[in-house]
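Below is one structure, written out as structure tokens; comments come after it.
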């Protein structure tokens, strides 16, 4: 797909291998928001063979653990939507009780301005945690 926004923009890559990539989503209201993107166009999880589904979820769970370790959020949201972008990907979103939309989805209208969180050295901590969990990145 030449018009796929997930292919067109690599984002801030935190980790990748020949199968999938982990990028940091540039959203100042949700620091630590990551996206796990399959490196090829597949529409649904059940379109993958079982071993590849397990492999992808291993990465999603490693990202969840890394984000929890780095930010200590109140909750983690995992989402795989793809309604507008039929390219298999997962959102890993740290949530705090004082964020803009909590307890609603991050895509809902804001309830409040939301607390600002420090992102000092967040990226290197995520990169290190992902490398520990998944091995070295191909970057």
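Taken together, the values in this text are just the output of simple stated rules run on the coordinates, not laboratory data. Not measured: the values here are computed from a predicted model. Every residue, glycine as well, gets a Cβ built from its backbone with ideal geometry; the counts of neighbours run over all protein chains shown.
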With the first residue restricted to the stretch 57-70 and required to be without any contact (Cβ under 8 Å) to a residue 24 or more places away in the chain, and the second required to be buried (at least 19 other Cβ atoms within 10 Å of the Cβ) and outside any helix (DSSP H, G or I), Cβ contacts under 9 Å at 6 or more apart or on different chains are 57/90
What are the residues in the stretch 75-101 that are in contact with a strand residue (DSSP E or B) (Cβ under 6 Å, 6 or more places away or on another chain) and part of a loop (DSSP other than H, G, I, E, B), if any? 80, 88
State yes or no: is residue 99 on the phi < 0 side of the Ramachandran plot, without any contact (Cβ under 8 Å) to a residue 60 or more places away in the chain and over 15 Å from the mean Cα position of the chain (by Cα)? no
Look at the stretch 107-134 and say how many of its residues are surrounded by 11 or more Cβ atoms within 10 Å (Cβ to Cβ) and outside any helix (DSSP H, G or I). 7
Does residue 84 satisfy the criteria of being within 13 Å of the chain's Cα centre (by Cα) and surrounded by fewer than 16 Cβ atoms within 10 Å (Cβ to Cβ)? no
Of the numbered conditions (1) touching a helix residue (DSSP H, G or I) at 6+ places or on another chain (Cβ under 7 Å); (2) touching a residue at least 60 places away in the same chain (Cβ under 8 Å); (3) within 21 Å of residue 139 (Cβ to Cβ); (4) surrounded by 15 or more Cβ atoms within 10 Å (Cβ to Cβ), residue 90 fails exactly one; give the number of that condition. (2)
Does residue 64 satisfy the condition of being part of a helix (DSSP H, G or I), under 21 Å from residue 122 (Cβ atoms) and out of contact with any helix residue (DSSP H, G or I) (no Cβ under 8 Å at 6 or more places or on another chain)? yes
